[in-house]
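Take a look at the structure below.
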Amino acid sequence: MTAPLSPGDPAPDFTLPTDDGRTVTLSDLRGRKVIVYFYPAAMTPGCTTQACDFTDSLDSLKAAGYEVLGISPDSPEKLAKFRERDRLSITLLADEDRSVMQTWGAYGEKKLYGKVVEGVLRSTFVVDEEGRVELAQRNVKATGHVAKLRRELGVGA
């Protein structure tokens with residue numbers, strides 16, 4: 001297992017498919033700030049709340065220079081249904097083999113209903129214009145997370 005990413009670390013590069021047949025490569029976004037968030041499963045209550053909150057905040061985040069990438073282990077087809085059902089405007093990426101999640105420290109042991117299981121650790125990272133981790137947040141709560149993140153980044157409504 002790799003050491004957890006911390007502020008100042010280079011953000012590991014990746015190329016992942018989107019829900020609409022494109023691919024996104026993190027290094028292609030250099031020169032912009034990028035919020036990379038990992039979530040367990042499309043169309044579940046907490047993940048829907050978080051994705052809708054990011055969508056509702058997208059205009060103000062973009063105005064402050066941020067791109068938003070949501071990554072889950074779902075297939076591109078499931079992500080397309082998620083986007084359509086909830087009218088999402090953020091970029092959704094499929095990490096079906098969980099390799100990016102593992103590299104970023106967003107996959108591992110967690111407690112679920114009192115049992116230890118392996119799974120996606122709801123995490124958010126902010127990557128600066130040079131491709132370095134500026135902020136690393138693990139085990140975040142879905143509800144209220146985007147509002148808290150915006151306050152920390154100084155992004156208004």
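The values are calculated or read from the model by the stated rules, or taken from the named source; none is laboratory data. Treat the numbers as computed from the prediction; the structure is a model and nothing was measured. Methodologically, a virtual Cβ is constructed for each residue, glycine included, from the backbone with ideal geometry; neighbour enumeration extends over all protein chains shown.
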Residue list for segment 104-121, filter: modelled with pLDDT under 95 and not small (Gly, Ala, Ser): Tyr107, Glu109, Lys110, Lys111, Leu112, Tyr113, Lys115, Val116, Val117, Glu118, Val120, Leu121
Tabulated pairs, segment 121-145, first closer than 18 Å to Asp28 by Cβ, second of a type in the set (S, T, N, Q) and assigned to a loop (DSSP other than H, G, I, E, B), C-beta under 8 angstrom, 6+ apart or interchain: Val133/Ser6
Residue within segment 116-126 that is among the hydrophobic types (A, V, I, L, M, F, W, C), surrounded by fewer than 17 Cβ atoms within 10 Å (Cβ to Cβ) and either within 20 Å of Lys33 (Cα to Cα) or touching an Asp or Glu at 6+ places or on another chain (Cβ under 6 Å) (or both) present: yes
Selection status of Leu79, among the hydrophobic types (A, V, I, L, M, F, W, C), at pLDDT below 95 and surrounded by 14 or more Cβ atoms within 10 Å (Cβ to Cβ): no
Qualifying positions in segment 8-19 - under 15 Å from Leu92 (Cβ atoms) and either part of a loop (DSSP other than H, G, I, E, B) or at pLDDT below 95 (or both): Phe14, Asp19
Residues (closer than 15 Å to Asp53 by Cα and out of contact with any helix residue (DSSP H, G or I) (no Cβ under 7 Å at 6 or more places or on another chain)) located in segment 88-104: Thr91
Pair list, Cβ under 6 Å, 6 or more apart: segment 20-31 residue over 15 Å from Asp95 (Cβ atoms), other residue outside any strand (DSSP E or B) and of a type outside the set (Lys, Arg): Ser27/Asp13; Arg30/Gly131; Gly31/Glu129
Within segment 37-66, considering residues that are more than 21 Å from Gly156 (Cβ to Cβ) and assigned to a loop (DSSP other than H, G, I, E, B), the one nearest to the chain's Cα centre (by Cα): Tyr39
Filter result (of a type in the set (A, V, I, L, M), assigned to a helix (DSSP H, G or I) and surrounded by 15 or more Cβ atoms within 10 Å (Cβ to Cβ)) within segment 127-157: Val146, Leu149, Leu153
Residue satisfying condition, being over 24 Å from Arg151 (Cβ atoms) and in contact with a helix residue (DSSP H, G or I) (Cβ under 7 Å, 6 or more places away or on another chain), within set Ala51, Ala42, Ala11: Ala42
